[in-house]
């Protein structure tokens, strides 16, 4: 598997209807998700144990091992991976049972591919935010060129002097550090630091970015760049 494939979202689909599973695979791959198919519960569990997935889509009525049992087995291995159930039943009891077995969402057949796409995007966005929040709580000290950023005490230290940051400045700089030399989207930054995304908060965030650039300007090897209106990138040249 090349590096490009490793950057993509990997989805495990376990569905015993071969026609539906092929349609799902074709559609998900059109959306640039790497999709692996399992035809029954036992094969689905074996594939999950062998692979590395970001999301599972499980039919409820599966041979050998039903979807609820498969979800429980997956949850025993990974407590956080998102799970979507597909079911032909719309019974409230089945939906409750699904959530009791750790599913994140539930789609009743027949469903549109657009609905599935929106559900997947919503779940992945939420999980991505949860991941960032977890990282925000764990990482403590970052090296940024000639600067050292103490995220716990919200201090940016350097040979040029120390700068005490506000809480939001520190949270924003921490997100940038966690994505050094990678794109941090405006939406991710707004929802993680401010809790929601709208135009006026976006204008406020631009002011914070300007302040952070000012704090970091003494080191020419460090820069916060704008990326095509979609976000920001903390660029740190190697060897700096």
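The values are calculated or read from the model by the stated rules, or taken from the named source; none is laboratory data. Owing to the predicted nature of the structure, the values given are computational and were not obtained by experimental measurement. Quick reminder, even Gly has a Cβ in these numbers, built from the backbone with ideal geometry, and neighbours come from all protein chains shown.
Sort through 170, 122 and tell me the only one that's modelled with pLDDT under 90 and assigned to a helix (DSSP H, G or I).
122
Taking only the range 63-98 into account, find how many residues are surrounded by fewer than 20 Cβ atoms within 10 Å (Cβ to Cβ), at pLDDT below 85 and in a helix (DSSP H, G or I).
Of the residues in the range 63-98, 6 are surrounded by fewer than 20 Cβ atoms within 10 Å (Cβ to Cβ), at pLDDT below 85 and in a helix (DSSP H, G or I).
Would the range 128-144 turn up any residue that is surrounded by 12 or more Cβ atoms within 10 Å (Cβ to Cβ), more than 18 Å from residue 232 (Cβ to Cβ), modelled with pLDDT of 90 or more and in contact with a strand residue (DSSP E or B) (Cβ under 9 Å, 6 or more places away or on another chain)?
Looking through the range 128-144, at least one residue is surrounded by 12 or more Cβ atoms within 10 Å (Cβ to Cβ), more than 18 Å from residue 232 (Cβ to Cβ), modelled with pLDDT of 90 or more and in contact with a strand residue (DSSP E or B) (Cβ under 9 Å, 6 or more places away or on another chain).
Does residue 57 meet the test of being touching a strand residue (DSSP E or B) at 6+ places or on another chain (Cβ under 8 Å) and in contact (Cβ under 8 Å) with a residue 40 or more places away in the chain?
So residue 57 passes the test.
Of the residues 212, 184, only one is within 22 Å of the chain's Cα centre (by Cα), surrounded by 12 or more Cβ atoms within 10 Å (Cβ to Cβ) and outside any loop (DSSP other than H, G, I, E, B); which?
Residue meeting the stated conditions: 184.
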